[in-house]
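All of the numbers you see were taken from the coordinates with simple rules; none came from a lab. This structure is a prediction, so every number in the text was calculated from the model and none was measured. So basically every Cβ, Gly included, is an ideal-geometry build from the backbone, and we count neighbours across all protein chains shown.
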Amino acid sequence: MPEARPLYLGPRLKRLRRELGLTQQAMAEDLGISPSYVALLERNQRPLTADLLLRLARGYKLDMADLAAEDGEDYARRITDVLRDPIFADIDLPALEVADLATNFPGVSEALLRLHGAYTREQQALAEQRVGGDGESADPVAEVRRFIARERNYFPTIDSRAEELAGEIAEAGGAQEWLRKRGVRVRFLPSDVLVDSIRRYDRHNEQLLIDDTLDTASRAYQLAIHIAYTTLRSQIGTIVRGEDFASPTAANLARRALASYGGAALLMPYDRFARAVESRRYDVEALSRQFGTSFEQTAHRLTTLNKPGQERVPFFFIRVDEAGNISKRLDGAGFPFAAHGGGCPLWSVHSVFRTPGEIVTQWLELPDGQRFFSIARTVASGGGSFARPRIYRAIALACAAEHAGKLAYAEGSNPQAAAATPIGVTCRLCHRVACRARAVPPIGREILPDDYRRPAEPFAFAES
């Protein structure tokens, strides 16, 4: 009978300890060993004995089969994909060496995958500069997106003041009554009277005019936006003046984004909304019913819950139309995204137009092994009368796989065992070979002729 192979699970043990929020000292006490021995285990300098494996499973209520499962095959697969990158074309990399690396040096394997991921993102940025020339640096939309991303889409002065105002508005009996007490009359008028505006402030007559074809959530939001522009003007102005925007257009777009942020904060005050998010397990539809907001407004607000000490699940948010144009993007989850070129068509955000109004969930895996969980759904704007067309877009929220268990949509799922859709950032930066959805070949990859053989995929690539 062959001798059992020693079981080295250092990286997995370290990841488990961090997921449980334990120090090496705390885990050592739980397992009845020394902290230095835990450190040796995590560095793969000691194998995990059957006794320790049993203690881990019992102590932390884990499935022993999952705990003892090999990472080697997964690492080998991911490293093999990475090594197809043309940068490695002149290096002889036998499959046996790759398997040895993945099995015996999981830490080095993880480091290689992370380094290649960083390299790919850098290549993506360079490619975008080539596509756009000076484009992105001069693009006011991209400039404002970078500004919001840098602040993690959290603006404490706006949130704090909005929370106070929300209390005042509630005491007054609602936004209309609150505005009336300040001398502003709210009127809902036909769109032809408003000359196709959906909101207009008549300062001379102190009237706030709103399109009467808007639905209830949109009316409430337009009222909140007006209050943000007027009552939160000081907070918004201070933030905008504190930034060195490249153009007046960028500054105006930033002001508009901050007013929208303020409007959402008025309708969904931070503390109350954050508590509801926990109790509703991030159920966007249930939250929108509770706060009287639209599905999109609620999903957008979920990306702003970054108050220090009161953070919630970080999300990536995107809104696209049927042609693939991106009209809104907010990144709080570290989701890589190409600013130029199409996204991956295998992501459900591009296919939910076939099932309007239905929430579609999906596990995603990027070429570097990062996993995300996504929900996508169509949203509509416009309409309200026969002659006004409705515009349909799709929105998606995505979070890192380790956070998915907090969401009602992924309840009971195992992030590591769930079947994930392999996607790429964009075709020209994705080196997955077996992809029938590919639109263009990746940068730097040689394409084989198809005189005698036509593969099922759009392109066949020369092996390194």
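Observations on the model:
- Lone unmet requirement of (1) over 30 Å from GLU19 (Cβ atoms); (2) surrounded by 14 or more Cβ atoms within 10 Å (Cβ to Cβ) for TYR409: (1)
- Qualifying helices (runs of 4 or more DSSP H) (wholly inside the stretch 8-60; at least 2 residues being closer than 17 Å to VAL108 by Cα): 10-19, 35-42
- One residue alone among ARG453, ARG445 is assigned to a loop (DSSP other than H, G, I, E, B) and in contact with a strand residue (DSSP E or B) (Cβ under 9 Å, 6 or more places away or on another chain), and that residue is ARG445.
- Leading residue by the ranking (surrounded by the most Cβ atoms within 10 Å (Cβ to Cβ)) among those in the stretch 350-393 that are of a type in the set (Ser, Thr, Tyr) and either closer than 19 Å to SER413 by Cβ or in contact with a His (Cβ under 9 Å, 6 or more places away or on another chain) (or both): SER374
- Residue within the stretch 206-227 that is among the aliphatic types (A, V, I, L, M), farther than 21 Å from GLY292 by Cβ, buried (at least 18 other Cβ atoms within 10 Å of the Cβ) and in contact with a Phe, Trp or Tyr (Cβ under 8 Å, 6 or more places away or on another chain) present: yes
- Residue list for the stretch 75-95, filter: surrounded by 18 or more Cβ atoms within 10 Å (Cβ to Cβ) and either part of a loop (DSSP other than H, G, I, E, B) or more than 34 Å from the chain's Cα centre (by Cα) (or both): LEU83, ARG84, ASP85
- Selection from the stretch 416-440 of residues that are in contact with an Asp or Glu (Cβ under 6 Å, 6 or more places away or on another chain) and more than 18 Å from ASP85 (Cα to Cα): ALA420, ARG436
- Positions within the stretch 236-271 being surrounded by 14 or more Cβ atoms within 10 Å (Cβ to Cβ), of a type in the set (A, V, I, L, M, F, W, C) and in contact (Cβ under 8 Å) with a residue 40 or more places away in the chain, in sequence order: ILE236, ILE239, PHE245, ALA250, LEU253, ALA254, ALA257, LEU258, ALA264, ALA265, LEU266, LEU267
- Residues in the stretch 383-405 that are out of contact with any Leu (no Cβ under 9 Å at 6 or more places or on another chain), part of a strand (DSSP E or B) and under 21 Å from ARG329 (Cβ atoms): ILE391, TYR392, ARG393, ALA394, ILE395, ALA396, ALA400.
- Members of the stretch 142-179 found to be of a type in the set (A, V, I, L, M, F, W, C) and assigned to a loop (DSSP other than H, G, I, E, B), listed by number: PHE155
- Candidates LEU448, LEU429 - the one that is in contact with a Ser or Thr (Cβ under 7 Å, 6 or more places away or on another chain) and closer than 27 Å to GLY342 by Cα: LEU429
- Taking the stretch 259-343 as the region of interest, the helices (runs of 4 or more DSSP H) fully inside it that hold 1 or more residues being touching an Asp or Glu at 6+ places or on another chain (Cβ under 8 Å) and more than 24 Å from GLY237 (Cβ to Cβ) are 270-280, 295-302.
- From the list GLY424, GLY444, GLY384, GLY412, the one residue that fits, being within 22 Å of the chain's Cα centre (by Cα) and on the phi > 0 side of the Ramachandran plot, is GLY412.
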